[in-house]
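Working notes, beginning with the structure itself.
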Amino acid sequence: MTNTPDPDAPEITAPDTAWWNQNYQPDARTLDFVDMAMRQVEGCRDYLTKDEALPGVLRVACIESFWVNVRLLTEYLVKFTTHADDIHVHDLVPNWEEPVGEVADRLKKDWITASKHVMHFSKQRTPEDLADITPVSNEDHERIARDLRTVYDQFCQAAGAPH
């Protein structure tokens, strides 16, 4: 078997941007990006909680991806801290209201953790006394992913999107 292309085979080309613009509307693209963030949270959670043999650099990449996407989804679905030029939850679900209750309160605290320990080189990330850092357990990763899934499913239902 060779890797030489068949000269008689028709050339396969990707559709141009006009085709994509017509067939993959901005709302669908947004829903896909929100869904991808949720899948990153749950997928990274699975690696962090179920794969003890994960090499160090991959473990750190999973931790960071987990927290970046926790922060992203919390900003989008709970805190509404996007800038004017960002996609806002109300672009897809105009009547979406900020979630309230224990799940929302916990996610807001998780947003702070993500901001201080992953997104910024904060003093909380590098305290003078390492005893001041609260480790994140497998149970914490599970709970955070479950909390986000709860709000995400509510969002998908309100947006009329599969979840």
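Just so it is clear, none of the values below were taken in a lab; they were calculated from the coordinates. Everything quoted here is computed from the prediction, not taken from an experiment. Cβ sites come from the backbone with ideal geometry, for glycine too, and all protein chains shown count toward neighbours.
Side notes on the structure shown:
- Of the residues contained in segment 154-163, one or more are found to be assigned to a helix (DSSP H, G or I), over 17 Å from the mean Cα position of the chain (by Cα), surrounded by fewer than 17 Cβ atoms within 10 Å (Cβ to Cβ) and among the aliphatic types (A, V, I, L, M).
- Yes/no for residue 47 being more than 22 Å from residue 139 (Cβ to Cβ) and either in contact with a Lys or Arg (Cβ under 9 Å, 6 or more places away or on another chain) or surrounded by 18 or more Cβ atoms within 10 Å (Cβ to Cβ) (or both): no
- Some residue of segment 90-107 being within 15 Å of residue 37 (Cβ to Cβ), surrounded by 14 or more Cβ atoms within 10 Å (Cβ to Cβ) and of a type in the set (A, V, I, L, M, F, W, C): yes
- Leading residue by the ranking (farthest from residue 31 (Cα to Cα)) among those in segment 86-104 that are hydrophobic (A, V, I, L, M, F, W, C) and part of a loop (DSSP other than H, G, I, E, B): 100
- When residue 10 is tested against the conditions (1) within 20 Å of the chain's Cα centre (by Cα); (2) surrounded by fewer than 10 Cβ atoms within 10 Å (Cβ to Cβ), the lone failure is (1).
- Test for residue 59: is it surrounded by 14 or more Cβ atoms within 10 Å (Cβ to Cβ), assigned to a helix (DSSP H, G or I), basic (Lys, Arg) and at negative phi: yes
- Once segment 108-135 is narrowed to residues that are surrounded by 10 or more Cβ atoms within 10 Å (Cβ to Cβ) and among the aliphatic types (A, V, I, L, M), the residue that is farthest from the chain's Cα centre (by Cα) is 133.
- In segment 80-92, the residues that are under 15 Å from residue 155 (Cα atoms) reach residues that are among the polar types (S, T, N, Q) and part of a loop (DSSP other than H, G, I, E, B) with C-beta atoms within less than 7 angstrom, at least six apart or across chains, in these pairs: 88/82.
- None of 140, 110 is assigned to a helix (DSSP H, G or I), in contact (Cβ under 8 Å) with a residue 40 or more places away in the chain and within 22 Å of residue 41 (Cα to Cα) except 110.
Here is a yes/no grid of residues against (1) of a type in the set (A, V, I, L, M); (2) under 14 Å from residue 75 (Cβ atoms):
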site: 92; (1), (2): yes, no
site: 95; (1), (2): no, no
site: 105; (1), (2): no, no
site: 113; (1), (2): no, yes
site: 117; (1), (2): no, no
site: 124; (1), (2): no, no
site: 129; (1), (2): no, no
